[in-house]
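What follows is calculated from the coordinates using simple rules that are stated; it is not laboratory data. Since we're looking at a predicted model, the values are computed, not measured. Methodologically, a virtual Cβ is constructed for each residue, glycine included, from the backbone with ideal geometry; neighbour enumeration extends over all protein chains shown.
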Amino acid sequence: MHFLERIKRYDDSLNAFITTTDAQALAQADAADARIASGTATRLTGIPIAHKDIFCTNDVKTSCGSRMLDNFVSPYDATVVSKLADAGVILLGKTNMDEFAMGSSNETSFYGAVQNPWKPGFVPGGSSGGSAAAVAARLCAAATGTDTGGSIRQPAALTGITGIKPTYGRVSRYGMIAFASSLDQAGPLTQTAEDSAMLLEVMCGFDERDSTSLNEPAPVLVESLQKPIRGMTIGVPDNFFDDGLDADNAAAVRTALAEFEKLGAKLKPITLRHIELSVPAYYVVAPAEASSNLSRFDGIRFGYRTEAPTDDLREFYMRNRGEGFGAEVKRRILTGTYVLSAGYFDAYYLQAQKARRLISDDFLEAFEDVDLIAGPTTPTPAFEIGQKTDDPVQMYLNDIYTIGANLAGLPAMSIPCGFVNELPVGLQLIGPHRKEDRLLQAAHQYQQATDWHLKLPPAFI
Amino acid sequence: MSLKPEAIEKLCDLARLEVGADELDDVVDKLSRIVGFVDQLQSVDTSAVEPMAHPLSQPQRLRADVVTEADQHERFQANAQHVMDGLYLVPKVIE
């Protein structure tokens with residue numbers, strides 16, 4: 001009730017939710033009470049959460065932030081949704097997001113921009129912007145998100161919360177509306193690393209229904225949180241601290257790195273030689289995969305169907321898609337179509353896949369000498385709504401520090417580490433494949449020594 | 001790098017995606033910027049590099065060809081706007 005009331009009170013100004021599921025939440029709360037009374041509760045029983053509106057949720061509207069799916073009521077649950085429901089969480093609603101997760105500011109949503117709880121008129125980041133804003137403003141205890149190029153970590157950084165993207169394949173993609181299948185991973189957005197560990201542990205695990213699911217036991221995450229990080233070596237990529245990084249942002253990140261040294265970690269400068277290729281490589285690979293994934297939206301079996309009469313099937317498809325998709329989604333579909341088309345495939349798509357190998361090899365080489373990599377999550381704190389919408393390339397460059405982990409399939413997270421002009425700054429931690437436990441351990445130890453993760457946006461206390 | 005409007009129209013046709021006359025200039029401008037940006041990829045020598053399709057180099061897992069799902073077509077078709085006798089209706093394609 002507490003959270004449902006907060007959503008009613010605050011969400012008109014934030015726009016973090018697309019749908020609220022009040023009736024379902026109250027029924028789940030009763031079920032949770034019964035489960036707690038009967039002694040069969042899990043750690044998550046009774047915890048009120050929200051799902052990014054990219055996760056299919058049985059009998060609940062699942063829009064993916066798009067007019068295309070504004071009328072879509074999912075007939076099934078995503079694996080992430082059913083796993084968390086089985087653990088006993090309470091679903092408060094579905095959160096706003098960039099349309100089909102394509103954006104870094106939540107401005108491409110059909111349902112309008114989300115406000116940053118720290119400063120009205122500023123973006124919360126994206127694409128999981130609604131989830132991040134809702135957690136930061138304490139409209140829910142935690143939320144799910146997805147991360148294709150930074151869509152959990154970047155909004156977590158810009159709203160002062162904790163978010164983790166696990167190793168590719170850890171969390172089932174079944175029922176998670178696909179954007180770029182070789183990059184997409186789901187993860188939690190929470191107040192603390194400890195909360196992230198509790199949620200992620202439940203979200204992970206092999207799923208027969210996702211052909212890219214990692215066929216390995218789910219990692220144990222909560223147990224290792226208490227281990228000290230003394231003796232850990234943390235690689236600091238010197239080229240993450242280049243001209244593109246805001247000086248105050250850099251100072252906050254350097255202070256956080258010094259805190260890790262106090263906790264007994266050793267810092268070691270490293271160079272990720274091909275990282276500057278990560279944004280261009282991503283903006284070939286991701287649109288290529290998106291143009292294929294989004295071909296399923298034809299307006300016939302489900303989704304938006306044009307009102308304009310036509311007796312031509314081809315024109316019918318083109319109108320359904322042309323009217324159902326927003327401008328950024330259209331650009332990505334067309335970019336993907338371009339890089340995959342005859343005559344351009346080798347120069348763009350194949351070349352991007354080769355650049356992806358170079359970027360990935362740099363990380364693997366670095367992890368021969370270091371346990372973790374740390375640096376900024378974003379080049380700047382949150383920017384103003386409307387500031388970067390005219391130039392897609394400027395918007396894409398927001399993800400310069402986060403995209404590498406997606407291309408290489410590495411687990412990575414963002415934790416709050418300070419403020420610049422009353423806006424939060426995020427520290428990014430990147431781990432070797434399958435080492436979510438180490439990431440969360442380092443983040444938890446940092447949060448035991450600092451209090452950035454406890455700060456609340458003043459308007460939402 | 002500047003794409004021609006005709007090139008965009010060809011892409012729209014391939015992608016079955018209508019771009020209105022009022023959107024075309026913006027699409028031409030922004031797509032040209034994006035393609036110009038990703039052209040940086042040409043600056044690196046990758047002649048000896050294997051393309052990477054999967055981040056953990058895992059092979060595609062295949063499943064046995066058996067029926068595992070129940071027939072729920074009525075439930076699924078509830079999301080379609082025009083259905084008759086279990087079939088989806090589209091504009092007439094054969095005269």
Q | Sparsely packed chymotrypsin sites (Phe, Trp or Tyr not before Pro) within region A:334-396, loop by DSSP, other Cβ within 10 Å at most 16 | A | A:Y344
Q) Do any GluC sites (Glu not before Pro) in region B:1-91 lie in a loop, going by DSSP, with at most 10 other beta-carbon atoms within 10 Å of their beta carbon, and if so which? A) B:E69
Q) On a 0 to 90 degree scale, rounded to 10, what angle separates helix B:5-15 from the longest Cα axis of chain B? A) 30 degrees
Q | Computed magnitude of the charge dipole of chain A (debye, nearest 20; Cβ of K, R +1, Cβ of D, E -1) | A | 360 debye
Q.
Compute, for chain B, the length of the dipole vector about the Cα centre, with Cβ point charges of +1 (Lys, Arg) and -1 (Asp, Glu) only. Units Debye, rounded to 20.
A. 340 debye
Q: Grab the eigenvalues of the alpha-carbon gyration tensor for region A:20-124, scale each by 5, take roots, and send me the semi-axes largest first in whole angstrom.
A: 29, 16, 11
Q: Count charges around B:D29 for me, please; just the other residues with Cβ under 13 Å from its Cβ, Lys/Arg as +1, Asp/Glu as -1.
A: -1
Q) What is the local net charge at A:L183, summed over the other residues whose Cβ is closer than 12 Å to its Cβ (Lys, Arg +1; Asp, Glu -1)? A) -1
Q: Would you give the gap between the C-alpha center of region A:140-158 and the C-alpha center of region A:89-121, rounded to a whole Å?
A: 10 Å
**Q.** Acute angle (nearest 10 degrees) that the helix B:21-38 long axis makes with the longest principal axis of chain B, alpha-carbon atoms
**A.** 60 degrees
Q.
Can you tell me which lysines have their Cα less than 17 Å from the Cα of A:K8? Leave out same-chain residues fewer than eight positions away.
A. A:K94
Q: Determine the distance separating the Cα centre of region A:53-87 from the Cα centre of region A:291-368; give it in Å without decimals.
A: 22 Å
Q.
What is the ratio of the Cα radius of gyration of chain A to 2.2 N^0.38 Å, with N the residue count, to two decimals?
A. 0.92
**Q.** Cβ-defined net charge surrounding A:L427, 12 Å radius [Lys, Arg +1; Asp, Glu -1]
**A.** +1
Q. Taking the Cα centre of region B:22-95 as the origin and placing charges on Cβ (Lys, Arg +1; Asp, Glu -1), which of B:A53, B:S43, B:Q81 is farthest toward the positive end of the dipole?
A. B:A53
Q | Excluding exposed DSSP-loop trypsin sites (Lys or Arg not before Pro) (at most 10 other C-beta within 10 Å), longest clean stretch of chain B | A | B:1-62
Q | Cleavage-rule hits (trypsin sites (Lys or Arg not before Pro)) in region A:248-294: DSSP loop, at most 16 neighbouring Cβ within 10 angstrom | A | A:R273
(Q) Let's test the formula: R0 of 45 Å, r as the Cβ-Cβ distance of B:Q77 and B:V49. What FRET efficiency results, to the nearest 0.05? (A) 0.45
Q.
Which residue, A:A252, A:L423, A:V60, has the largest displacement toward the positive end of the dipole of chain A when charges sit on each Cβ (Lys, Arg +1; Asp, Glu -1)?
A. A:V60
